[in-house]
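As structure tokens, the structure follows; a few thoughts come after it.
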Amino acid sequence: ERYRLLVENAEDPIAAVNSQGEFLMANTSANRFFGLNPDGLVGKKMWDIFPLEHANRQMKSIRKVIKTNQGITLEEETVIQGEKRWFSTNLQPMTTPGKLKVVQLIARDITENKKTESYLLERRNFLTGVLDDMQTFVAVLEPDGRVVFVNNTPLSLINTTLEEVQGAMFQDLQWWSLTPQLRER
């Protein structure tokens, strides 16, 4: 009873699915994601609730877990009730009392995290583009002098790439190799 309460009150969708894609058990949260009553998923198959492409991809992972008896964690985009959502899903093999092989599925909705990640990548790419197009020397350093970023203008002067100078000590790079005094300064 304690375990049932833990599963039922979990915010994350939790379900048990067999190798044919049939839901043998689903908690309240899982049913709520699909707009179903508390027992709505039980007896349904993956293809009943997910678009074909997504159901097939998920079933490939479920069957792999059953075959290898090894759990996996996936980050995948899926479609629920016509809405694109991202989930981090942990799939673990289980053996039921009747020795039936099933997969326990615990999914965490990470859609907002993915939206934030996408926004931050867009901003970073935009700002990197702005800095790279500047005709001046722009560098970002760690407090100890290790290179984090240098724009294209100074990189082209020494015929190198950002990847080649990232992590190097700023004063050790070719720009400052003319004299020891320049390097020290």
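The values are calculated or read from the model by the stated rules, or taken from the named source; none is laboratory data. Source: prediction; values computed, not measured. Positions of Cβ are backbone-derived with ideal geometry, glycine not excepted, and every protein chain shown enters the neighbour counts. Each accessible area value is taken on the protein alone, full model and side chains, heavy atoms only, with ligands, DNA and RNA left out. Shrake-Rupley method; radii C 1.70, N 1.55, O 1.52, S 1.80 Å.
Points to keep in mind about this one:
- Count - residues of region 68-105 that are open to solvent by 70 Å² or more (accessible area, probe 1.4 Å) and touching a residue at least 60 places away in the same chain (Cβ under 8 Å): 2
- Hits in region 33-63 - residues which are under 12 Å from T78 (Cα atoms) and among the polar types (S, T, N, Q): N56, Q58
- Whichever residue in region 11-32 is touching a residue at least 60 places away in the same chain (Cβ under 8 Å) and of a type in the set (A, V, I, L, M, F, W, C) and, among such residues, is farthest from I110 (Cα to Cα): L24
- Filtered residues of region 1-46 (kept if of a type in the set (S, T, N, Q) and either on the phi > 0 side of the Ramachandran plot or open to solvent by 30 Å² or more (accessible area, probe 1.4 Å) (or both)): N9, S19, Q20, T28, N37
- Candidates in region 109-166 are the residues that are of a type in the set (G, A, S) and not in a helix (DSSP H, G or I); of these, the one that is least open to solvent (accessible area, probe 1.4 Å) is G145.
- Options G145, G167, G129; residue that is over 30 Å from N27 (Cβ atoms), touching a Lys or Arg at 6+ places or on another chain (Cβ under 7 Å) and of a type in the set (G, A, S): G167
- Count - residues of region 43-59 that are within 16 Å of K84 (Cα to Cα), in contact with an Asp or Glu (Cβ under 8 Å, 6 or more places away or on another chain) and among the charged types (D, E, K, R): 1
A quick yes/no check of all residues on (1) under 30 Å from S88 (Cα atoms); (2) without any contact (Cβ under 8 Å) to a residue 24 or more places away in the chain:
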site	(1), (2)
K114	yes, no
R124	yes, yes
L127	yes, yes
V130	no, yes
R146	no, no
P154	no, yes
I158	no, yes
T161	no, yes
Q174	no, yes
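- Candidates E184, E122, E142, E163, filtered to the one that is within 20 Å of the chain's Cα centre (by Cα) and not aliphatic (A, V, I, L, M): E122
- Condition check for E77: of a type outside the set (A, V, I, L, M, F, W, C) and in contact with a Phe, Trp or Tyr (Cβ under 6 Å, 6 or more places away or on another chain): yes
- Evaluated against (1) within 29 Å of Q174 (Cβ to Cβ); (2) open to solvent by 50 Å² or more (accessible area, probe 1.4 Å), L52 falls short on exactly one condition, (1).
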